[in-house]
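Single-structure report; data block below.
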Amino acid sequence: MEVRDLLCLRTAKVWIMPESALAAGWQPYAASTVNEAIEWYERRHPRVGIILLDSLGLDENIDREYESLLAQTCNNMEWIGLIPSDQIQQPAICDLLAKYLYDYHTLPVDDSRLLAALGHAYGMARLRSLSPQQCGMVATGHGCMIGESPAMRKVFHQLEKIAAVDTSVMLVGESGTGKELAARIIYQHSQRQHGPFIAVNCGAIPADLIQSELFGYEKGAFTGAVSRKIGYIEAAAGGTLFLDEIGDLPLVLQVNLLRFLQERQIMRVGSTTTQPVDLRVIAATNRDLREDIKKGLFRKDLYFRLCVLDLELPPLRERRGDVELLAYHFLCNLAPDLNPQVRGFSPAALQQMRSYCWPGNVRELKNRIARALVMCDKRVIGPQDLQLESELQYPESTMMPGATLAEARAEADVMAMQRALQASGYNVMAAARQLGVSRVTLYRMLEKYKLPLMS
């Protein structure tokens, strides 16, 4: 469990942290004066603090001390105020609330409400504290890639290297993992960033139109061609062409694309001359192209032309530590337009999101947050607003106290295999790849623990 430091300034006078907060991982550090609070802040660097605001306006020095502390720390942490109900209208208190505090609570303290607010404040402070390297590289106008899990740190490192080299790239990942966003990040941090970025979904164009859409056509090339039209490839000259769902490209078009990648020239439909085009190609797929090659659905030579560099985007279930971070990121971006009164998530909602396996990945998480904001009629989003299917929750451990190490390992193996099989739709090859073992090893372990191969 993550331990979360909490700076408590003068709160012992009105509030004692309940056992539920300690059990949730909160570690309080009590300070009775501003100087003590500054010492704790410099020593522990907490992300959240609670401060008792009373007696303000009675002593000008108190006003200045409080404001100096809040001004010094508010860029790196979030503060929640505890205020006597009869002092809420004091000008000095209202001024501090407006300038520096994330939230406030009137006395007496409602423990459950305050603990929920602490969780929200911690999520926001954590999000704000991330460096650009941890949050990803911003693609202007298209958001940014967020994450601090080991899997995403590896992705950010690879993106930085890929962007610096002007060659073809293959992005692999399940639907909703952010392949187009990764392509835009590569483009914006490459030497072609001043050229166009053209995105094409190969699976969304009718088969009989793909040739003319990609390569363009001349006037009179076919019925309805009343003027010359340049295709997506020619439109991306000098920049980057992003071919999403490349696995859906028909075989006959794969031949033409391969010829272009070899010769860097195109011929419009209805033309007899070629046009040179200089661009970078980034392709993406959620399919196993190596399996498609074996089945004769994808050309091996085209695959190796496109896959000079490759990058795999991890599914959200493999970066569960990022779920809360992403949830608060989407809340910050969507709440102003959809429901400004919502300030965060209930502890039950956060736990439900952490336990959910997210088959639709980051896209599903964003859509769930948007829906919850529309449906929520409180200040915090609850489980009922998210409506996550219970059958897609990760199973809780059933290990009994006193279990042996061998029993604990066996349970961990079973849970890991169950999750991988469920997430892969009971595709043994995909599950084995996720678990980092061979298919033969996975079959042997399934037989050992008598696990079914079907849901």
Evaluate the following for Pro315: is it under 30 Å from Val374 (Cα atoms) and in contact (Cβ under 8 Å) with a residue 12 or more places away in the chain?
yes
Working carefully through the options Phe298, Phe345, find the one that is in contact with a Gly (Cβ under 9 Å, 6 or more places away or on another chain), buried (at least 17 other Cβ atoms within 10 Å of the Cβ) and touching a residue at least 60 places away in the same chain (Cβ under 8 Å).
Phe345
Given the criterion at pLDDT below 90, farther than 27 Å from Arg153 by Cβ, out of contact with any Leu (no Cβ under 7 Å at 6 or more places or on another chain) and among the acidic types (Asp, Glu), identify the matching residue among Asp322, Asp337.
Asp337
Hey, among Tyr66, Tyr41, Tyr29, which residue is among the aromatic types (Phe, Trp, Tyr), touching a Leu at 6+ places or on another chain (Cβ under 8 Å) and at pLDDT below 90?
Tyr66
Tell me, which helices (runs of 4 or more DSSP H) lie completely within the stretch 115-223 with 2 or more residues that are on the phi < 0 side of the Ramachandran plot, at pLDDT below 90 and not hydroxyl-bearing (Ser, Thr, Tyr)?
132-135, 150-163, 210-215
Filtered residues of the stretch 94-106 (kept if under 22 Å from Ala125 (Cα atoms) and either in contact with a strand residue (DSSP E or B) (Cβ under 7 Å, 6 or more places away or on another chain) or hydroxyl-bearing (Ser, Thr, Tyr) (or both)):
Leu97, Tyr100, Leu101, Tyr102, Asp103, Tyr104, His105
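One line per residue, one yes/no per condition, for (1) more than 21 Å from the chain's Cα centre (by Cα); (2) closer than 30 Å to Arg320 by Cβ; (3) surrounded by fewer than 21 Cβ atoms within 10 Å (Cβ to Cβ):
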| residue | (1), (2), (3) |
| --- | --- |
| Tyr187 | no, yes, no |
| Gln191 | yes, no, yes |
| Ile198 | yes, no, yes |
| Ala207 | yes, no, yes |
| Gly216 | yes, no, no |
Give me the pairs: first residue in the stretch 229-255 and assigned by TED's automatic domain parsing to the domain that holds Phe197 and at positive phi, second residue modelled with pLDDT under 95 and outside any loop (DSSP other than H, G, I, E, B), beta-carbon distance under 6 Å, and six or more apart or on different chains, which are they?
Glu245/Asn201
Tell me whether the stretch 100-111 contains one or more residues that are surrounded by fewer than 16 Cβ atoms within 10 Å (Cβ to Cβ), polar (S, T, N, Q) and farther than 18 Å from Leu6 by Cβ.
yes
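Residue-wise test of (1) modelled with pLDDT of 95 or more; (2) of a type in the set (Lys, Arg).
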{"residue": "Val252", "(1), (2)": "no, no"}
{"residue": "Arg259", "(1), (2)": "no, yes"}
{"residue": "Thr274", "(1), (2)": "no, no"}
{"residue": "Leu279", "(1), (2)": "yes, no"}
{"residue": "Lys294", "(1), (2)": "no, yes"}
Determine if the stretch 265-272 includes at least one residue that is at pLDDT below 90, surrounded by 17 or more Cβ atoms within 10 Å (Cβ to Cβ) and over 21 Å from Val200 (Cα atoms).
no
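Do the conditions hold for Leu22, that is, is it on the phi < 0 side of the Ramachandran plot, outside the structural domain of Arg379 (by TED's automatic domain parsing) and free of Cβ contacts under 8 Å to residues at least 12 places away in the same chain?
yes
The values are calculated or read from the model by the stated rules, or taken from the named source; none is laboratory data. Not measured: the values here are computed from a predicted model. Ideal geometry is used to build each Cβ from the backbone, glycine not excepted, and the neighbour counts take in all protein chains shown.
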